[in-house]
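> Structure incoming, see below.
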Amino acid sequence: MAKVTERLGGALAFGGDYNPEQWPESVWPEDVSLMQEAGVNLVSVGIFSWALLEPAPGQYDFGWLDRILDLLHAGGIAVDLANASATPPPWLSHRHPESMLVDVDGVTRNYGGRQAFCPSSAAYRDAAAALTTAIVDRYAAHPAVVMWHVHNEYGNHNWSCYCQVSAEAFRKWLQRRYSTLDELNSAWGTTFWSQHYYDWAEVLPPRTPAYQTFANPTQQLDFSRFSSDELLDCYRAEAQIVRDRSGLPVTTNFMQFWKPMDYWRWSQEMDLISNDHYRFAALGPDGATHDLAMAADLVRSLADDAPWLLMEHSTSAVNWQPRNPAKAPGQMRRDSLSHVARGADGALFFQWRASRAGAEKYHSAMLPHAGTDSRRWREVCDLGADIAALADVAGSRTRSRIAIAFDWHSWWGVELDSHPSVDVDQMERVRRWHRLLWQNGYTCDFVHPDRDLSRYQVVLVPALYLCTDDAAANLASFAENGGTVVVGYFSGIVDVDDHIRLGGYPGAFTDLLGIRTEEFSPMLAGDVVPLTVSPDLDYGPPESGEGDPPVGSTWSELIGRVEPDVEVLVSFAGGQWAGEPAVTRRVLAAGRGSVPGSAWYVGTELGTDLLAGLLVKACAAAGVQPVLDMESWPAGFDAVVREDEHTSYLFAFNHGSEAVPLVCEGTDLLTGKPWDTGTSLPPGQVAVVATPLVAAP
Ligand code: GLA
């Protein structure tokens, strides 16, 4: 991102997708002058313009793109230029029907929407490569262009294809993973249900729809891996063409927790990480605000803590949910700056000017249908001024001592069919644990469980059903070296091939946790089981007679063996396992810096107070505190710190309805005025308080 920031004169990026091809050229000069008025300094151009740029195979029409890039440059607006491969033109799909996507039922998904191509199609890949080459050759030296936007939201609509071409590509992928059929048979457990393969040609994508029978689970898991890799290959090929011709940074926009794409792998291939985030109305206002924070925390982690770019969000309503509420006054500002707080060095929108035609004409934009005499436009201009005032923040980092271990392969594995309970959902558990930390003022990263954990003091493992040997060893060594690990139920159950780890659950963690579960018993929807909480847990509200009664739901299990050095913090007080442990903690020998590590296990779905109390307790025991020292974290209050060598930037957001006094001193960059400690942040408001860091003596 630093290279882009430099081209923007050190400013944070502000702007959005700009689709000038949807408008007569006579509108363009007005666009540029309104962009200047709003403080726009970066726009993404050409994302969906393949059909206009290449009207017939190999015939390019770059005239309009030349003119708009020149105009933008003259207006001082930089460009994130797309290679336009996101949606092939109808002529390509029409000439190459085999390039279209086929779903699990064998139905061809035709063109007329977007991304209607098979990721393995040679016709698509060749045409996308030729187009990319032509665009980069033409514009690599254009002074407006500061970065490259390859494709758009890979796999949003075509995350997997079941056609013949894909079947062949899947076999090749499998041959690279398993050099022999014997290995494949063993990994897929094909002795079960007479599935043994004798010839590679017999191997297929999992075309068995779930309503018929259960497809082989490892075949399904490998198909998810293949499908993510296949689109990653498309990206790699196009990015390579760009890199061969231009030294500018290359990205493609992610969709945070998008199940089909393993973004840990994808992130390795980006020069800068960018992301699109939209509020989901169904989550409710507080849930959607939390979702934003969680998404941004993931994206920062994918960027390995480096600044990233918010490529898209919305100024107000979207068009693709069943009901699309507008953003209330101040909501857009809080949303945009929340991404910045969590490490974004820019906030861009979809899109600049609201469309008149097409499927997204009811999607909000920076310049609404109503024009400039509108509240939305005024808020956009005000936000442009805020973003400009935050230039000093560029390059600084948001740091966390807590991380949630997260793995896409586990996600694919845990949500396969024929499991103990349909209620065991990876994202719901991750979301819940993250939200409780967020509501209590802790900043939290995400981390791949195989990667270096040494920057953390606490690693939470709410849901890691599939756990590789490396990940198990990594987490154990983290705890042995003084780290705190908290593991949620139905984690560590299977290995990389989705084979059960034998000898008692959770097989990957039995040694670390000092427990051994014999049997699971998921609970029926709505059922709860009473729990007895040990006074040692001392978790807060219920002791004062407030809060939820301690109950478990969703899941119970028989932890039949507990090692002598393991404390039982919570037990089942009813149900079939009455009297047996439900939550345990093992304190390990003192590790790094003589802090003893600890390994906690949560064997049922705890109520909110108890789970929050337990997580806060685990953090406190590890020496990790909330961002601000407050007696209790106010409802709807969010605070995050970005830091560089010289300055700490406290971003404080009051999404709630009561004023919140802030204990910090410095200058509020948004107003330019001093911030005295104890000054209250009014409801709906944001402050970014810059405080010089005093060098250690
Ligand atoms: C995605 C796409 C955009 C647009 C928006 C609408 O993020 O990348 O092209 O469709 O959704 O919200």
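> When only residues in segment 1-21 that are out of contact with any Phe, Trp or Tyr (no Cβ under 8 Å at 6 or more places or on another chain) and buried (at least 16 other Cβ atoms within 10 Å of the Cβ) count, which is farthest from F349 (Cα to Cα)?
Within segment 1-21, the first condition is being out of contact with any Phe, Trp or Tyr (no Cβ under 8 Å at 6 or more places or on another chain), and the residues that meet it are 2-14.
Then drop every residue that is not buried (at least 16 other Cβ atoms within 10 Å of the Cβ), which leaves 4-5, 7-8, 11-14.
Values: V4: 17, T5: 17, R7: 20, L8: 17, A11: 17, L12: 14, A13: 11, F14: 8 Å.
So the residue we want is R7.
> So G504 ticks every box in (1) open to solvent by 10 Å² or more (accessible area, probe 1.4 Å); (2) at negative phi but one. Which box is left unticked?
(2)
> Among the helices (runs of 4 or more DSSP H) contained in segment 417-524, which hold 2 or more residues that are of a type in the set (K, R)? Working first, answer last.
On the way: elements: 426-439, 469-480, 510-513.
The helices (runs of 4 or more DSSP H) meeting that bar are 426-439.
> So which residues in segment 364-376 are in a loop (DSSP other than H, G, I, E, B) and either surrounded by 23 or more Cβ atoms within 10 Å (Cβ to Cβ) or under 28 Å from the mean Cα position of the chain (by Cα) (or both), if there are any at all?
Filtering segment 364-376 down to residues in a loop (DSSP other than H, G, I, E, B) leaves 364-366, 368-374.
Passing the criteria: S364, A365, M366.
> From the list S246, S179, S194, S166, which residue is among the small types (G, A, S), open to solvent by 40 Å² or more (accessible area, probe 1.4 Å) and at negative phi? Explain how you work it out, then say what you get.
Values: S246 fails: open to solvent by 40 Å² or more (accessible area, probe 1.4 Å); S194 fails: at negative phi; S166 fails: open to solvent by 40 Å² or more (accessible area, probe 1.4 Å).
Just a single option satisfies the conditions, and that option is S179.
> I would also like to ask the following. Would you check which residues across segment 205-225 are part of a loop (DSSP other than H, G, I, E, B) and open to solvent by less than 70 Å² (accessible area, probe 1.4 Å) and list them? I'd like the intermediate steps shown before the answer.
To start, the set of residues in segment 205-225 that are part of a loop (DSSP other than H, G, I, E, B) comprises 205-216.
Selection gives P205, P206, T208, P209, T213, A215, N216.
> If you don't mind, another one. From the list D80, D105, pick out the single residue that is under 32 Å from the mean Cα position of the chain (by Cα) and modelled with pLDDT under 95.
Values: D80 fails: modelled with pLDDT under 95.
So the residue among D80, D105 that is under 32 Å from the mean Cα position of the chain (by Cα) and modelled with pLDDT under 95 is D105.
> Quick one: is M294 hydrophobic (A, V, I, L, M, F, W, C), open to solvent by 10 Å² or more (accessible area, probe 1.4 Å) and assigned by TED's automatic domain parsing to the domain that holds D17? So that I can check it myself, show each step before the final result.
Numbers: hydrophobic (A, V, I, L, M, F, W, C): yes; open to solvent by 10 Å² or more (accessible area, probe 1.4 Å): no; assigned by TED's automatic domain parsing to the domain that holds D17: yes.
Criteria not met by M294.
> Would a scan of segment 453-474 turn up a residue that is open to solvent by 10 Å² or more (accessible area, probe 1.4 Å), over 30 Å from A326 (Cα atoms), in contact with a Leu (Cβ under 7 Å, 6 or more places away or on another chain) and touching a residue at least 24 places away in the same chain (Cβ under 8 Å)?
yes
> If you don't mind, another one. Any idea how many residues of segment 107-129 are without any contact (Cβ under 8 Å) to a residue 40 or more places away in the chain and touching a Lys or Arg at 6+ places or on another chain (Cβ under 9 Å)?
Residues that pass the stated criteria total 1.
> Also, I was wondering about something else. Can you tell me which residues in segment 630-651 are touching a helix residue (DSSP H, G or I) at 6+ places or on another chain (Cβ under 7 Å) and among the hydrophobic types (A, V, I, L, M, F, W, C)?
Passing the criteria: W633, V640, F651.
> Ok, one more. Mind telling me which of the residues V624, V641, V583 ends up being at pLDDT 95 or above and closer than 27 Å to D425 by Cα? Step through it out loud before you land on a result.
Working: V624 fails: closer than 27 Å to D425 by Cα; V641 fails: closer than 27 Å to D425 by Cα.
Just one listed residue meets the conditions, V583.
> How about segment 150-168: which of its residues are hydrophobic (A, V, I, L, M, F, W, C), more than 14 Å from the ligand (Cβ to nearest atom) and out of contact with any Leu (no Cβ under 8 Å at 6 or more places or on another chain)?
V165
> Tally time: how many residues in segment 416-425 are farther than 17 Å from P506 by Cβ and in contact (Cβ under 8 Å) with a residue 60 or more places away in the chain? Let's see the steps before the verdict.
At the first step, the residues of segment 416-425 found to be farther than 17 Å from P506 by Cβ are 416-418, 422-423, 425.
From what's left, in contact (Cβ under 8 Å) with a residue 60 or more places away in the chain: 416-418, 423.
The qualifying residues number 4.
> Within segment 377-399, can you find the residues that are modelled with pLDDT under 95 and open to solvent by less than 40 Å² (accessible area, probe 1.4 Å)? Outline the logic, then answer.
First pass over segment 377-399, keeping only residues modelled with pLDDT under 95: 398-399.
Hit for segment 377-399 is T398, nothing else.
> Same structure, new question: Residues E631, E605, E658, E643: which one is farther than 19 Å from T443 by Cα and not assigned by TED's automatic domain parsing to the domain that holds A582? Explain how you work it out, then say what you get.
Working: E631 fails: farther than 19 Å from T443 by Cα; E605 fails: not assigned by TED's automatic domain parsing to the domain that holds A582; E643 fails: farther than 19 Å from T443 by Cα.
None of the others qualify; the one that does is E658.
> Now for a separate question. If I ask for residues that are open to solvent by 40 Å² or more (accessible area, probe 1.4 Å) and under 16 Å from the mean Cα position of the chain (by Cα), which ones from segment 410-432 would you list?
Passing the criteria: E428, R431, R432.
> Which condition number does H73 fail, the rest of (1) within 24 Å of T133 (Cα to Cα); (2) within 16 Å of the ligand (Cβ to nearest atom); (3) in contact (Cβ under 8 Å) with a residue 60 or more places away in the chain being met?
Condition not satisfied by H73: (2).
> Restricting attention to segment 247-256, does a residue exist that is within 16 Å of the ligand (Cβ to nearest atom) and either within 22 Å of V414 (Cα to Cα) or in contact with a Lys or Arg (Cβ under 6 Å, 6 or more places away or on another chain) (or both)? Break it down into steps so the answer makes sense when it comes.
From segment 247-256, those within 16 Å of the ligand (Cβ to nearest atom) are 251-256; that's our starting set.
Adding the requirement that they be either within 22 Å of V414 (Cα to Cα) or in contact with a Lys or Arg (Cβ under 6 Å, 6 or more places away or on another chain) (or both) leaves 255-256.
The answer is yes, given that some residue of segment 247-256 is within 16 Å of the ligand (Cβ to nearest atom) and either within 22 Å of V414 (Cα to Cα) or in contact with a Lys or Arg (Cβ under 6 Å, 6 or more places away or on another chain) (or both).
> State the number of residues belonging to segment 331-359 that are touching a Pro at 6+ places or on another chain (Cβ under 9 Å), within 26 Å of L298 (Cα to Cα) and surrounded by fewer than 22 Cβ atoms within 10 Å (Cβ to Cβ).
Going through segment 331-359 one residue at a time, the tally reaches 1.
> Scan G636, G678 and give me the residue that is more than 31 Å from the chain's Cα centre (by Cα) and small (G, A, S).
Details: G636 fails: more than 31 Å from the chain's Cα centre (by Cα).
Exactly one residue qualifies, and that residue is G678.
> Tell me whether segment 136-150 contains one or more residues that are touching a residue at least 40 places away in the same chain (Cβ under 8 Å), closer than 22 Å to R501 by Cα and open to solvent by less than 20 Å² (accessible area, probe 1.4 Å).
Our first condition is that a residue be touching a residue at least 40 places away in the same chain (Cβ under 8 Å); within segment 136-150, this holds for 136-140, 142-150.
Imposing the further condition that a residue be closer than 22 Å to R501 by Cα reduces the set to none.
Within segment 136-150 (the criterion being touching a residue at least 40 places away in the same chain (Cβ under 8 Å), closer than 22 Å to R501 by Cα and open to solvent by less than 20 Å² (accessible area, probe 1.4 Å)), the answer is no, since none of the residues qualifies.
The values are calculated or read from the model by the stated rules, or taken from the named source; none is laboratory data. Keep in mind that what you see is a predicted model, and the values were worked out from it rather than measured. Here the Cβ is made from the backbone with ideal geometry for all residues, glycine too, and neighbour counts use every protein chain on show. These area figures cover heavy atoms from the full protein model, side chains too; ligands, DNA and RNA do not enter into them. Shrake-Rupley method; radii C 1.70, N 1.55, O 1.52, S 1.80 Å.
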